[in-house]
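Report on the following structure.
Derivation of every value follows stated rules applied to the coordinates shown; laboratory data play no part. Here the structure is a predicted model, which is why all the values come from computation and not from measurement. Every residue, glycine among them, receives a Cβ derived from its backbone with ideal geometry; neighbour counts consider all protein chains shown.
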Amino acid sequence: MAQKQNKSSALNEVDGIPQPEVLSLHSIGKVLDKRKKQPTTSELVSGILNHDVAMLSRAITLIESTNTEHLNRANEVIKECLPFANKSVRIGITGVPGVGKSTFIEAFGKLLTSMGKKVAVLAVDPSSSISHGSILGDKTRMEELVKDENAYIRPSASGETLGGVARKTRETIILCEAAGFDTIIIETVGVGQSETAVHSMVDFFLLLKISGAGDELQGIKRGIMEMADLIVINKADGDNIAKAKLAKTEFNRALHLFPAKSSGWSPKVTTCSAFEKTGIDDVWKTISEYFELVKSNGYFEEKRKDQNQFWMIETINEHLKNKFYHHPEIMDLLEKNKKAVQNNEVSPFAAAMDLLNFYFKD
């Protein structure tokens, strides 16, 4: 009778899903303490050299921190890892938003891991100049690659530096190389001057484009075209195949107008569909041909040496700039001079020299 009532009434309570055992405060505390515990420098270095991606991530977090103590520890880790770095190829990939960078990188990365390579993707996300927030969505866009045990994806907020790609990304490359990743891919924001910064830290520069978006050459900055070692026209599928072929012809004509590269390489143009995963192997074939050339003629090593010098100067400039703007007296004087410039009481140039003379009087 009771069973009949249970069936006929929707208000009767039925057996639910068994509840898990209640975690004690002590066990929760142990988990939290473990997370809070900071690994030592030697533990971080050991973990990185043993290909521990958790330790790699924690070390990169130190690099990205603005805390002075964290930066000092990060420098120690980098110093210890440096002898184990510089054994990879570094590929920069840029393109305007909507060109399909994440889809392309995932298809390209999966091709490389299928060949036995270990791939690290350093994806720089645009961050708001107002709220300083960032979506950091590359891990969600690269669903397959993020699950690949031979791949590592590290999204980082661009912040207010040059396109978000500066010293921190350069140092992250060193740690990824020490962790055993032989192919480093750096995805740029695709806006502003980030391409220039990426070009200064990679061996190969790939420009991703799409067809059918108006004049194929309109809006392409001459500087980006000159930096590109390969132009890949993505989304060459369906009705876009014919348009992609036409775009390829137009870009090939444009490339012939630029002066020869010091690397001895003639930039190429190819098409692909990252969505359908067609033409991706041709991209890697072209990149491999490039590396074969520049390693045989000595350009590869010379470019790495020039980049190291460049980043030394950039680091000096960055530290001088930060020290200047965080000087207590300069901060006060800067506010006064800003108001004086706004009120046309003094010229911007005279105000700037006043600040510099005050700072360097020491």
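In table form, for the structure just shown:
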| read-out | value |
| --- | --- |
| Spin-label model distance (nm) - residue 319 vs residue 79, 7 Å beyond Cα toward Cβ | 1.2 nm |
| Calculated FRET value between residue 57 and residue 87, using beta carbons and R₀ = 35 Å, to 0.05 | 0.95 |
| FRET E, pair residue 295, residue 224, Förster distance 25 Å, beta-carbon r, rounded to 0.05 | 0.50 |
| Extension gain from residue 275 to residue 258, taking 0.36 nm per residue of separation minus the Cα-Cα distance | 3.0 nm |
| Residue 271 long-range amide H proximity, modeled H, under 5 Å | 233 |
| Cα gyration tensor category, rounded, prolate or oblate, for the stretch 36-83 with a/c compared to 1.5 | oblate |
| Per-residue Cβ neighbour rank within 10 angstrom, fewest leading, 51, 199, 326 | 326, 51, 199 |
| Exposure proxy order (Cβ contacts within 10 Å, fewest to most) of 248, 243, 101 | 243, 248, 101 |
| Computed over the stretch 313-360, Kirkwood Rh from alpha-carbon pairs, angstrom | 11.3 Å |
